[in-house]
């Protein structure tokens, strides 16, 4: 059975609608899946219904951005890490309310990022973005607004050639801190909604991961032992950017500590890589 428990839709920064994702999952013979949008669960009930009609087993999902720090790394300064929540009740009021609060903050943050961008554009003689530009960015989002949406708009305006250039040239420099959600609070939200929480892509060299603190796999798992075991239920061991060494290391670690293990493509449909990560069948049995 093909398993993919890490997929993004247009409700965060994916290219496909939920309907398109389920249709593609069916075409690819995926038997167990989850859509895990960034800080958003608005599509979950629709996804459950569509997956059920398509004969695909589905578990509710979300990817939460967490502010984390460890005294021995990065001079004790906070970094952003991602955690995956699964099997929660998407109608849970506390979880829904918190994610709505985070979505509203994203709007404020985006406006501040645009102000910072305009400061850079002024230096370079580039026409500043206006309120109308901001409204067009907002209109392009079917869910929560984030930097990828701003990047895509800069591409459409011809200011940069692609999303990566937008980040490298402007969005890293013009960034504004995200909503400060801490692991203890994220875990409480997911657990109180009946769900499980996992460390996402812990050794992702190009993503929001423990690599921001250390590239050493033993040091990464030591950080998890030091600061996370009291809150988490599992670890994402299979990922489209995880090598065999990473997967083996985290599988051993999970077994030692009785943790769940999950995996997925982290597909944003650019390109479509759904179902291409070989996740073993026993992952589904944990749910």
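Values quoted throughout were computed directly from the atomic coordinates according to the rules given, and no laboratory measurement underlies them. These figures come from a predicted structure and were not determined experimentally. Using ideal geometry, Cβ is built from the backbone for each residue, glycine included, and neighbour counts are taken over all protein chains shown.
Side notes on the structure shown:
- Full-extension gain in nm, residue 124 to residue 19, via 0.36 nm per residue minus C-alpha separation: 33.6 nm
- In this simple spin-label approximation, residue 140 and residue 172 carry label points 7 Å from Cα along the Cα→Cβ vector, and these lie 2.1 nm apart.
- Crossing angle, helix 217-227 versus the chain [Cα axis fit, 0-90 degrees, rounded to tens]: 90
- Max mean-square fluctuation residue, GNM over the chain, Cα-Cα springs under 10 Å, options 198, 33, 102: 102
- Each of residue 115 and residue 101 was given a label point 7 Å from its Cα along the Cα-to-Cβ line. The distance between the two points is 2.3 nm.
- Label-to-label distance for residue 226 and residue 188 is 2.4 nm, based on points extended 7 Å past Cα in the beta-carbon direction.
- Order of 287, 68, 134 - criterion: other Cβ atoms within 10 Å of each residue's Cβ, fewest first: 287, 134, 68
- Ratio Rg/Rh [Cα only; Rh per Kirkwood] for region 99-171: 0.95
- Value of relative contact order over region 53-143, rounded to a whole percent, pairs C-alpha under 8 Å and six or more apart: 19
- Between the helical axis of 44-53 and the longest alpha-carbon principal axis of the chain there is an angle of about 50 degrees.
- Within a Gaussian network of the chain (alpha carbon springs, distance under 10 Å), most fluctuating of 100, 87, 245: 245
- DSSP beta bridges confined to the chain are antiparallel in about 45 percent of cases.
- Nearest-ten-degree value, helix 244-257 long axis tilted from longest Cα axis of the chain: 60
- Taking the chain as a Gaussian network of alpha-carbon nodes connected by springs under 10 Å, the highest mean-square fluctuation of the residues 155, 235, 277 belongs to 155.
- Distance from the Cα centroid of region 168-235 to that of region 115-140 is 31 Å (rounded to whole angstrom).
- Annotation: peptides 258-270, 176-188, ranked by per-residue average of other Cβ atoms within 10 Å with the highest first, follow the order 258-270, 176-188.
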